[in-house]
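What follows is a short report on a single structure.
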Amino acid sequence: MADARERLFALEPGGSPDRPLEVVSASVVEAHALSQPCPRCDGPHLLVEHAARTPPSGARVREARLECRQCGTRRSMWFRIVGEMVH
């Protein structure tokens, strides 16, 4: 059952760089990622890294690398910033 929930997580928005969650600012990436429970055990996540990435598709995205504090499973959540830039 846990493996099936992990596969579903990967198919949802944010589960891959090809389907990032849209956010208005990089400042909300970490808070949003940490608010999502582990799909395997429903435990809380620890943020391992937050970095800008450019996948093969060429669209710049943000990756939040997470580790579950309860079961230790590692995964990434993906984000795309769609907010307007202030100069």
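Using the crude model of +1 on Lys and Arg Cβ and -1 on Asp and Glu Cβ, and no other charge, please compute the dipole size for the chain relative to its Cα centre, in debye to 20.
For the chain, the charge dipole is close to 160 debye.
Write down the accessible area per residue of the chain in Å², having rolled a 1.4 Å probe over the full set of protein chains.
In whole numbers, the chain has 63 Å² accessible per residue.
For Val82, put the label point 7 Å out on the Cα→Cβ axis and report which residues of the stretch 8-44 keep their amide N under 11 Å from it.
Hits in the stretch 8-44 for Val82 at 11 Å: 20-24.
Provide the per-residue ³J(HN,Hα) series for the stretch 51-62, in order, calculated from phi with Karplus coefficients 6.51, -1.76, 1.60 and θ = phi - 60°, each as a whole number of Hz, with x at glycine and proline positions.
9, 7, 9, 10, x, x, 5, x, 7, 5, 9, 10
With point charges of +1 on the Cβ of Lys and Arg and -1 on the Cβ of Asp and Glu, referenced to the Cα centre of the stretch 18-87, which listed residue (Gly83, Val48, Ser25) lies farthest in the positive direction of the dipole?
Val48
If I model a spin label as a point 7 Å beyond the Cα along the Cα-Cβ vector, how far apart are those points for Arg53 and Arg65 in nm?
Here the answer is 0.9 nm between the modelled labels.
Give or take rounding to whole Å, what are the principal axis extents of the alpha carbon atoms in the chain, in descending order?
Sorted from largest, the Cα extents of the chain read 45, 23, 16 Å.
Over the chain, with every protein chain in place, what whole percent of the accessible area is carbon and sulfur at 1.4 Å, could you tell me?
53
Tell me what the chain gives for mean residue ellipticity at 222 nm when only DSSP H runs of n ≥ 4 count, each as -39,500 (n - 2.57), the sum divided by the residue total, rounded to 500 deg cm²/dmol.
That comes out to -5500 deg cm²/dmol.
Given an 8 Å cut-off on Cα distances and at least 6 residues of separation, report the relative contact order of the chain as a percent.
32
What residues qualify as long-range amide H neighbours of Gly15, i.e. H under 5 Å apart, gap of 5 or more or another chain, H built at 1.01 Å from N?
Result for Gly15 returns Trp78.
For the stretch 19-30, take each phi angle, set θ = phi - 60°, evaluate the Karplus expression 6.51 cos²θ - 1.76 cosθ + 1.60, and give the result in whole Hz per residue in order, putting x for glycine and proline.
Result, ordered by residue: 10, x, 6, 8, 10, 8, 7, 5, 5, 9, 4, 5 Hz.
The values are calculated or read from the model by the stated rules, or taken from the named source; none is laboratory data. Since this is a predicted model, take the numbers as computed values, not measurements. Cβ coordinates were reconstructed from backbone atoms using ideal geometry, including for glycine residues, and neighbour counts include every protein chain displayed. What goes into the accessible areas is simple: the full protein's heavy atoms, side chains included, and nothing from ligands, DNA or RNA. Shrake-Rupley method; radii C 1.70, N 1.55, O 1.52, S 1.80 Å.
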